[in-house]
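No lab work stands behind these numbers, since they all come straight from the coordinates. Since we're looking at a predicted model, the values are computed, not measured. Note that we place each Cβ from the backbone using ideal geometry, even for glycine, and neighbour counts take in every protein chain shown.
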Amino acid sequence: MRIRKTALIVAMFVGAMIAFLPQVLRPVISDPPEGAPPVGAMRTLAISLAAYQAAYGNLPKLLAELGPPPAGSVAGEHSAGLINPLLVSGRNQGYRFAFQSSASRLGGPLDSYTLNADPDSGAYRMHLYSDERGGIHYMRGGPATAASPILK
């Protein structure tokens, strides 16, 4: 039973990756080098969130639910094993990642989210934003939103 559930999760993760490749894996052409560090992490998180939603029918409440299961445990809804512990911490390569999920209708499943990556210090100026639609938006010098330009 554990092998079947793990195989199902892996199959759904691969399916989500294929479905989101055009949106998530767009090349970053005009971006400055300082914008590059969090872009890969944003893409990883977007793909992992899509895989989680496909496997469990809703989004996680916390990034930690995408992280690895405890030693000796099987991946599941509260520890899906889709991202590494560094991303679970919400900090990576000089950036803070903020995730918030919500339900689009009262009492419904968590089916929408916002994900922001903001620099920890003045070394980086690029701020990033993503949501369930899959694009990555950016803004220099201030928080990015859904209205910000999309990385191309």
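So how far, in whole Å, is the C-alpha centre of the range 103-152 from the one of the range 48-99? Their Cα centres are 17 Å away from one another.
Amide H contacts of Y95 (H built 1.01 Å from N, in plane; Pro and chain starts excluded): D120 sit under 5 Å, all sequence-distant by 5 or more or on other chains.
The convex hull of the Cα atoms of the range 32-118, projected and averaged over all directions, covers 6.0 nm². Each Lys or Arg adds one and each Asp or Glu subtracts one; over the other residues with Cβ under 15 Å from the Cβ of L115, this totals 0.
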